[in-house]
1. Please state which of the following conditions residue B:84 fails to meet, knowing it meets all the rest: (1) under 20 Å from residue A:52 (Cα atoms); (2) within 16 Å of ligand 2 (Cβ to nearest atom).
2. If you check A:44, A:50, which single one turns out to be of a type in the set (Lys, Arg) and facing chain B (nearest Cβ under 9 Å)?
3. Any chance the stretch A:241-262 includes a residue that's within 14 Å of chain B (Cβ to nearest Cβ), closer than 30 Å to residue A:376 by Cα, part of a loop (DSSP other than H, G, I, E, B) and open to solvent by 10 Å² or more (accessible area, probe 1.4 Å)?
4. So residue B:114 fits all but one of (1) more than 7 Å from chain A (Cβ to nearest Cβ); (2) under 25 Å from residue A:228 (Cα atoms); (3) of a type in the set (A, V, I, L, M); what number is the exception?
5. With part of a strand (DSSP E or B) and on the phi < 0 side of the Ramachandran plot as the only criterion, which of A:431, A:491 stands out?
6. Of all residues in the stretch B:31-47 being open to solvent by 20 Å² or more (accessible area, probe 1.4 Å) and among the charged types (D, E, K, R), which is nearest to ligand 2 (Cβ to nearest atom)?
7. Taking the stretch B:48-84 as the region of interest, how many residues are open to solvent by less than 50 Å² (accessible area, probe 1.4 Å), touching a strand residue (DSSP E or B) at 6+ places or on another chain (Cβ under 7 Å) and more than 8 Å from chain A (Cβ to nearest Cβ)?
8. In the stretch B:1-30, which residue that is of a type in the set (Lys, Arg) and open to solvent by 80 Å² or more (accessible area, probe 1.4 Å) is modelled with the lowest pLDDT?
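The values are calculated or read from the model by the stated rules, or taken from the named source; none is laboratory data. Model, not experiment: these values are computed from the prediction. Here the Cβ positions follow ideal geometry from the backbone for every residue, glycine too, while neighbour counts run over all protein chains shown. We work out accessible area using only protein heavy atoms, side chains counted, and drop any ligands, DNA or RNA first. Shrake-Rupley method; radii C 1.70, N 1.55, O 1.52, S 1.80 Å.
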Amino acid sequence: MSGYSFGKPEVIEEEVDILIIGGGMAACGAAFELQRWNADKALKIKMVDKAAVDRSGAVAQGLSAINTYLGENDPADYVRYVRRDLMGITREDLIYDTGRHVDDSVHQFEKWGLPIWKQEGDEGKSLTEGGKPVRTGRWQIMINGESYKPIVAAAAIKALGMDNIQEHVFIVRLINDKNDAGRVVGAAGFSVRENKIYIYRFKACLLVCGGAVNIFRPRSVGEGTGRAWYPVWNAGSTYAMAAEAGAELTLMENRFVPARFKDGYGPVGAWFLLFKAKSMNAQGEDYQEKNAHMLQEHGYGAYVKGHAMGTCLRNHLMIHELKNGRGPIFIDTVTALANLAKKMTPEEIKHLEAEAWEDFLDMTIGQCGIWAGENIEPDKQMSELMPTEPYLLGSHAGCAGIWCSGPDDLPGTPDHYHWGYNRMTTVRGLFTEGDGCGASGHKFSSGSHAGGRIAAKAMIKYVQDNNDIVPELDCSIDELKQELYRPVATFLKYKDYTTAIDVNPHYITPKMLQFRLQKIMDEYVAGVSTLYQTNATMLRVAERKLGMLKEDSLKLRAKDLHELLRAWENYHRILTAEAHMKHIQFREETRYPGYYYRADFLDLDDENWKCFVNSTYDRHTGEWSCKKVPWVELIKEAD
Amino acid sequence: MPTYVRTDKCDGCQDQKKTVCMHICPHDLMRLDKDGSETGHAKKAYNQEPEQCWECYACVKICPQNAIECRSYADVTPLGGMVQPMRGSDAIVWNIKFRNGNKKRFEFPIRTIAEESIDPYSGTPETIEAELADHSTLFTKGTHSCDFSQFNAS
Ligand SMILES: Cc1cc2nc3c(=O)[nH]c(=O)nc-3n(C[C@H](O)[C@H](O)[C@H](O)COP(=O)(O)OP(=O)(O)OC[C@H]3O[C@@H](n4cnc5c(N)ncnc54)[C@H](O)[C@@H]3O)c2cc1C
Ligand code: SF4
Ligand code: SF4
């Protein structure tokens, strides 16, 4: 707490050629590619992360699978799969681009020591030597992934050098060019450890701060608040900072609602695909079969082919049961393991049990905590499944994000898909990937890494072509200092007005502001309390309440650096939430049933809405504007 | 499942400037109480915002004193369970204790080569300046084969 003596921060200014904001999968991919093209070290490259790169981002815990590895598949089939999963509207150029490069990143991971499971007989043989991976699905491969992030981070750190990495600095905002409002040339943030503000000037920047969690009220609200599915530390910084800098966002109406093991949010992929578990309703019925006819209604089946359907549609079939009082939903782990064990030796059964536990221990340890506390052994007792609260992200089974320029070498790409450098946003100098790059979901960990590399190459080219840029900030250092430390100043000014430090008419704590945001989003913008339903009137109410919340964000207080971090995270959450709400309001159809329902427009309406919705934000007026952008099919429908 | 720090084990990382748990937590939760004014336990760490803990175990795995453990969130889970890892240089061991006293132990590999020997550029080709604007390849030249006849425009 440093005795509240932290009113006047020291300002550190630094000029670099390329700034990487974030230290996750995309950032580490970028670092790896950038420094190879910069072998003579002519360019100064810096990475800044709010946490420690070794364990920052969504992969902090580890992962039990790499979800995108093409192997024997053609990239065109990968595009078809992503297109189907995301209900038809995707940027096929970006997805194809990821598809053709992603395997190379996986091959690098294996070289750096990531253990990848191999089929019997191929143990010890690397993927590049033809070793066959253990697949849980057409695109996923299993790994021993506890140290996935430290491994990928080590390669990035070695490439960049620790001197060029600044950890524990939270970036608050980008800064546009004084002479060119359509360009970014700076970023401002603060140390969460020391009383310091950091101002970076650059020619190009890669904004890769992941997606957004905790904008909706989570299902657990006590000590368990932290157990969201999505890592609680990614606060929508990517979307908020890009929007404030003037970048066009796309498909921000899209969200991800994973159906997971209840309360612990353990993954279901290996259970369904590898162990062949089935899920059922309270009456023991296979509701997926039973409700399959529902896909004929409202046009929701437009992109279903056989059993292949969008992730949201699986939720749709499950939510129907919950709505009609036929929950809980169970996953029958008992039968699944018993069936597998039938043909196994005791030794093999032990191995199978370990695999089932490892699936959680590698990436959702908390689920094991719940099993241990509730005496659940999966071979003896079934678990429950539950759709979670909504998250915004662009690299998992969701596609919210920033509108990016794509590659120009793929046949048939229209002009509005590539206006600049690959993965550059509509703001010059601002690039993104991973969860930041919109309309191109299903990149996952490997695709985000490969995407960071794709963006990196383009950034080098951009910097070479724009070498004469002299970054001039459109605001003064003093203004930035005041803006970033406003919550501190507010606290110091008013703290003695009341006896109770947290209840004060002059300020709001970041925690209460977050609760208010979550209440608005949950109750009016299709959170869990309405089973993901909203309508125009609810959205109008939300709009008004969010407007006032945004006004009140000026009264956020910070009593220490930790709270300053929470204050700015929550500011980023408000902007992200507002974008989400605006997009849902604009798209008058139900494109993603199972993720959310416009109860006043329940149909999936291809005739009017098979298009992107893009938005821009004016930081001076605080207003959003949305528009339709044409979608183009690049890859033929199969067979 | 918030983490807690055991008073009998934490040594404040021997008063180093950088306590390891503080350094590693991705959510800035671990904090060193330098003089005991915050917790009553001087030179020991604590989780300053337990309801924000993702139970990612990054701090648990890295603490040199094995002083950090998790107690599954009290608003969700019955008491008595315990999931505790021991992470070595190439494997991790997990000890699981159920509420009813049952125990399980698992061991998994975490890496195939030592961290120090990761060399990102060994065996990779040099870059070719002319390929900088070529979207079909990254510097490692590992592009997947592509069947362009699958495009509408081909
Ligand atoms: C629960 C879960 C399970 C998953 N399971 C799998 C799986 O099994 N297989 C798979 O392949 N993929 C999986 N994924 C997907 C994968 O983790 C993501 O696709 C990938 O991590 C996205 O990379 P990114 O770089 O965009 O974001 P991240 O890797 O999350 O990195 C974001 C970075 O930004 C930093 N940051 C955030 N805000 C700021 C700020 N304001 N200033 C500075 N730094 C900031 C963070 O500290 C972090 O370093 C999973 C994701 C989740 C959430
Ligand atoms: S809990 Fe462990 S890592 Fe943290 S200060 Fe104590 S000894 Fe160091
Ligand atoms: S378990 Fe993870 S989120 Fe919780 S305190 Fe430790 S490092 Fe932080």
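1. (1)
2. A:50
3. Yes, some residue in the stretch A:241-262 is within 14 Å of chain B (Cβ to nearest Cβ), closer than 30 Å to residue A:376 by Cα, part of a loop (DSSP other than H, G, I, E, B) and open to solvent by 10 Å² or more (accessible area, probe 1.4 Å).
4. (2)
5. A:431
6. B:44
7. The total comes to 7.
8. My answer is B:17.
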